[in-house]
1. Among the residues of the stretch 113-130, is any modelled with pLDDT of 95 or more and of a type in the set (S, T, N, Q)?
2. Looking at ALA97, ALA102, ALA92, ALA128, can you tell me which residue is within 15 Å of the chain's Cα centre (by Cα), within 26 Å of SER151 (Cα to Cα) and surrounded by fewer than 18 Cβ atoms within 10 Å (Cβ to Cβ)?
3. Test LEU268 against the criterion of being at pLDDT 90 or above and open to solvent by less than 40 Å² (accessible area, probe 1.4 Å), and give yes or no.
4. On the given criteria, is ALA412 modelled with pLDDT of 90 or more, surrounded by fewer than 16 Cβ atoms within 10 Å (Cβ to Cβ) and closer than 26 Å to PHE385 by Cα?
5. If you go through the stretch 409-422 one residue at a time, do you hit one that is among the hydrophobic types (A, V, I, L, M, F, W, C) and more than 25 Å from the chain's Cα centre (by Cα)?
6. Considering only the stretch 1-24, how many residues are at pLDDT 70 or above and open to solvent by 50 Å² or more (accessible area, probe 1.4 Å)?
7. Between a first residue in the stretch 292-310 that is open to solvent by 10 Å² or more (accessible area, probe 1.4 Å) and a second residue that is small (Gly, Ala, Ser) and at pLDDT 95 or above, which pairs have beta carbons less than 7 Å apart while being 6 or more apart in sequence or on different chains?
8. Applying the selection to the stretch 26-84, what residues are touching a residue at least 40 places away in the same chain (Cβ under 8 Å), aromatic (Phe, Trp, Tyr) and not in a loop (DSSP other than H, G, I, E, B)?
Amino acid sequence: MLLYWGLSSSRRFLPLATCAVGIAAFYLYDLGGVGMISTDEPRYAAVGQAMARTGDLVTPYLWGSAWFEKPPLLYWMSAAFFALGEQPEVSARLPVALLSLAFLALAAWLVAREFGAEASAVSISLLATCAGWVAYSNFCLTDLPMAVFFSLAVLLALPLLRDTADTRGVSLRFLGMGACLGLAVLAKGLVPLALAMPMAWFLRRWWRAWVWAALACALTAGPWYTAIYLRQGMPFVREFFFKHHFERMYSSALQHVQPWYYYVPVLLGALFPWTPLFLLFARRNAGWDRRRGLLLATVCFGFLFFSVFVNKLPGYLLPLFPALFVLLGAEFESGCFAELSRKWLIPAALLIALIPPIAQGLPDALAAGNITAFHFGHIRATECFYIAAPLAALLLGKRSWLVVLLVLCVMAGGILLKATAYPVLDERVSARGLWRQVQKDHVSVCDGGINRAWAYGISFYLGSELPVCGNGQVYDRALRAKGRDRPGIEAP
């Protein structure tokens with residue numbers, strides 16, 4: 001990662017190395033510290049595990065049945081690591097974390113070429129440590145791969161919108177954009193093509209070159225879509241396109257219905273702890289041009305696009321984060337972040353100081369599936385240090401090192417959060433702790449009425465779909481629970 005906080009050229013390496021190593025350590029720390037979480041992660045991981053076992057890279061199989069909810073890029077990534085025989089949680093999550101780190105490094109280089117080293121430092125270091133990007137970089141979900149490749153396409157488009165655009169190599173640049181969009185389509189279907197509509201509008205003067213992008217996209221994504229259609233036919237089309245693309249816009253059957261304003265608090269929370277810094281747009285110093293116009297249009301269009309969906313999930317907004325943070329960093333294209341008054345960093349420092357209390361309250365909120373269940377617990381002496389660190393950095397740190405120090409405080413607090421919350425989440429939210437108890441008792445179990453997140457998690461560790469009680473088979477124990485509570489092991 002490129003970091004440059006107004007320092008002389010002879011002093012740039014230290015913050016560069018410090019933050020790069022810190023971010024990598026933060027992302028890779030304890031990836032297997034908690035078992036499979038939510039309804040999606042155990043299913044995606046199980047499909048990748050099946051691909052590694054069978055060698056079939058065309059048809060996704062979930063516990064023996066063809067499963068067409070998502071395209072295969074994430075499954076291919078995790079299958080490669082499952083083949084190495086590592087801990088299942090690490091095998092599923094490590095490729096996502098590595099992809100995120102690789103993207104951050106490449107994006108830092110692209111943004112530095114476009115807006116300068118200072119803008120790159122602000123954009124990428126803050127993106128790398130915001131809550132939303134960190135969370136989706138640590139779990140086996142499709143949102144991060146799609147966000148990475150869609151954002152690369154946007155970043156590759158920016159040089160074409162300069163006031164003095166370099167017209168050399170336009171076809172090659174469009175080929176790269178198209179390949180990135182093709183990989184995004186392999187990650188999450190048609191959504192990235194819809195999100196690319198602002199990019200198509202801003203690059204309309206190059207309409208002939210879009211043929212190269214379309215060709216590259218088709219050559220990248222087309223072979224799998226063709227192969228799966230030839231093998232599975234209309235059942236794939238109905239499930240993948242009609243149900244999981246179009247019905248997601250209007251049907252309540254997919255169980256993710258949210259109000260129209262849902263993404264307002266989600267976005268503010270996902271930008272944590274850097275949310276207050278976006279007030280910097282109110283003190284605009286940088287000039288406005290078409291590059292910034294594309295970034296802003298990408299964010300606004302995507303936000304409105306997802307808001308009109310009946311079904312909403314937090315991860316849908318992830319592809320908008322890189323453009324949003326690059327837009328923030330571009331404010332310093334011709335300035336120096338070190339010249340920014342400390343008062344702008346006070347709210348961010350206060351939010352960073354909240355990470356240790358959040359680590360204690362997070363398991364309760366996730367277990368209940370409701371933010372209102374969150375409560376602050378007892379603060380121990382060790383946690384007081386992590387609370388005081390960002391405030392001390394703000395008061396005592398040199399101005400040229402302030403953001404570096406705050407970024408390091410976020411990473412240290414994030415590692416503390418993992419160490420504090422993961423054991424509790426593993427026992428109360430993930431099915432891994434429950435599965436260990438089942439294994440210890442050497443009993444067969446069935447689903448006697450549990451939340452689907454628990455059922456999918458147990459199925460992942462069982463290696464097959466958890467059977468429903470009363471199906472004519474005899475089981476030693478039944479798993480039963482009320483709502484989202486942790487299931488109990490009872491007599492069938």
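1. Taking every residue of the stretch 113-130 in turn, at least one turns out to be modelled with pLDDT of 95 or more and of a type in the set (S, T, N, Q).
2. Of ALA97, ALA102, ALA92, ALA128, the one residue that is within 15 Å of the chain's Cα centre (by Cα), within 26 Å of SER151 (Cα to Cα) and surrounded by fewer than 18 Cβ atoms within 10 Å (Cβ to Cβ) is ALA102.
3. When the stated conditions are applied, LEU268 does not pass them.
4. no
5. The first filter runs over the stretch 409-422 and keeps only residues among the hydrophobic types (A, V, I, L, M, F, W, C), leaving 409-412, 415-417, 419, 421.
The next check asks that each one be more than 25 Å from the chain's Cα centre (by Cα); those that pass are none.
Among the residues of the stretch 409-422, not one is among the hydrophobic types (A, V, I, L, M, F, W, C) and more than 25 Å from the chain's Cα centre (by Cα), which makes the answer no.
6. Looking only at the stretch 1-24, we keep the residues that are at pLDDT 70 or above, and these are 17-24.
When the remaining residues are screened for being open to solvent by 50 Å² or more (accessible area, probe 1.4 Å), the result is 21.
Summing the residues that are at pLDDT 70 or above and open to solvent by 50 Å² or more (accessible area, probe 1.4 Å) in the stretch 1-24 gives 1.
7. Within 7 Å, the pairs are VAL299/ALA323; PHE305/ALA194.
8. Of everything in the stretch 26-84, those that are touching a residue at least 40 places away in the same chain (Cβ under 8 Å), aromatic (Phe, Trp, Tyr) and not in a loop (DSSP other than H, G, I, E, B) turn out to be PHE26, TYR27, TYR44.
The values are calculated or read from the model by the stated rules, or taken from the named source; none is laboratory data. What you are looking at is a predicted structure, and each value in this text was computed from that prediction instead of being measured. Counting neighbours? That spans all protein chains shown, and the Cβs are built from the backbone with ideal geometry, glycine included. Accessible surface areas use protein heavy atoms only, side chains included; no ligands, DNA or RNA. Shrake-Rupley method; radii C 1.70, N 1.55, O 1.52, S 1.80 Å.
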